[in-house]
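Let me begin by presenting the structure, written as structure tokens, before commenting on it.
Just so you know, all these numbers are worked out from the coordinates, no wet-lab data involved. Keep in mind that what you see is a predicted model, and the values were worked out from it rather than measured. So basically every Cβ, Gly included, is an ideal-geometry build from the backbone, and we count neighbours across all protein chains shown.
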Amino acid sequence: MRVLVTGAAGSLGRVVVPGLTAAGHDVVGLDRSPAPAGEDLPWHTVDCADPDAVAAVFALQADAGAPLAAVVHLAGNPGEGSLAESLTSHTVTTAALLDAMVAHHVDRIVYASSNHAVGGTPRSAAGPEGVVGVGTAPRPDTFYGAAKVAAEAVLSLYADRYGIDAVACRIGSFLEQPTTVRHLATWLSPADCVRMVEASLTATAPGYAVLYGISANTRAWWDLEAGRALGYHPADDSEAWADQIADRAEDEVEAARVGGPFATEEFWRPAF
Ligand SMILES: NC(=O)c1ccc[n+]([C@@H]2O[C@H](COP(=O)([O-])OP(=O)(O)OC[C@H]3O[C@@H](n4cnc5c(N)ncnc54)[C@H](O)[C@@H]3O)[C@@H](O)[C@H]2O)c1
């Protein structure tokens with residue numbers, strides 16, 4: 001499948017691009033940064049928040065006889081910004097891609113959403129299994145989380161209107177290895193990240209679906225069942241590092257809500 005990977009120069013992109021290529025997909029990179037040195041993929045240096053530029057990428061690919069079949073949308077600022085910046089980075093970019101997908105009959109998108117879409121959820125509100133499910137109400141912890149919720153809503157809207165299959169992956173902490181107590185619950189390993197994206201790309205007719213993008217962590221805070229139903233079978237567990245992780249004073253406050261530090265007063269600021 002020919003897949004446009006946005007944010008291809010970023011930390012997830014640099015793992016997902018070779019992972020999808022190894023799985024046999026034809027990957028086309030897109031980022032507002034130029035292709036990293038040595039990267040020989042087809043590459044578009046474009047800002048995803050510019051709908052005309054995004055539409056031009058789809059048209060160029062089609063005109064070159066290499067039409068896109070799916071999008072993996074990883075472009076976006078992974079941290080907190082102003083409300084306007086966050087909405088542009090996450091919601092506007094998603095909508096620009098969806099409009100181009102509709103115009104070019106591309107019907108699958110995998111989106112890098114975030115645990116911060118539900119980050120305000122108290123740990124005490126976890127279900128009987130001790131985990132938060134995909135059915136929990138959106139509860140952002142930051143403007144970043146609010147923009148992810150809005151992006152998810154636009155994906156759901158386009159799924160209903162145009163029959164697009166859209167999988168929103170609420171990613172935990174994408175890291176080489178966990179380094180804090182919270183990460184023992186939230187870690188997504190690089191190999192599991194590739195498994196997650198590949199499963200979301202190839203699941204049969206998911207419609208609009210949400211999964212939690214974490215590894216099979218013994219101390220997980222989110223339910224993996226929805227992901228497993230889509231074919232995402234994580235193989236790594238942060239517990240392998242538990243002995244090496246020292247307790248910190250912040251651990252208790254970071255465990256109060258599933259968004260961890262983003263759900264603390266440190267991130268409170270006015271929208272304007
Ligand atoms: N890293 C994590 O633990 C984590 C957790 C949850 C969600 N996510 C989400 O995953 C996605 C990727 O995160 P990352 O850690 O790889 O971030 P990153 O900053 O390492 O990479 C993001 C890439 O996207 C590009 N980019 C940003 N805005 C763009 C735009 N408007 N148009 C084109 N390119 C743009 C950047 O140049 C960069 O190369 C983000 O949407 C982030 O919110 C990441």
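Things to note:
- Amide H contacts under 5 Å for residue 173, placed H, 5+ residues apart: 187, 188
- Taking 30, 20 and counting other C-beta atoms within 10 Å, the order from fewest to most: 20, 30
- Rounded to the nearest 10 degrees, the angle from helix 51-63 to the longest Cα principal axis of the chain is 50 degrees.
- Between 0 and 90°, nearest 10: helix 13-22 axis offset from the chain longest Cα axis: 60 degrees
- Using distinct alpha-carbon pairs, which all enter the 1/r mean, Kirkwood radius of the stretch 2-267 in Å: 18.5 Å
- Simple rule: put +1 on each Lys or Arg Cβ and -1 on each Asp or Glu Cβ in the stretch 2-267, find the dipole, and look at 151, 135, 82; the Cα lying farthest toward the positive end is 135.
- Share antiparallel - DSSP beta bridges, the chain, percent rounded to 5: 5 percent
- For residue 258, residues with placed amide H under 5 Å, excluding near neighbours: 121, 123
- For the chain, the longest principal axis of the C-alpha atoms and the axis of helix 93-103 are separated by about 40°.
- Annotation: amide H of residue 208 within the under-5 Å range of 166, sequence separation 5 or more or interchain, hydrogens built in the peptide plane.
- Rounded to the nearest whole Hz, the Karplus-based 3J(HN,Hα) values (6.51 cos²θ - 1.76 cosθ + 1.60, θ = phi - 60°) of the stretch 218-235 follow the sequence 3, 9, 3, 9, 10, 7, 8, 4, 4, x, 4, 5, 8, x, 8, 10, x, 10, with x at glycine and proline.
- The residues neighbouring residue 257, those whose beta-carbon lies less than 14 Å from its own, together hold a net charge of -4 under the Lys/Arg +1, Asp/Glu -1 convention.
- In a simple Cβ point-charge model (Lys, Arg +1; Asp, Glu -1; nothing else charged), the chain has a dipole of about 400 debye relative to its Cα centre.
- The Cβ shell under 14 Å around residue 41 holds other residues with a net charge of -2, Lys and Arg each +1, Asp and Glu each -1.
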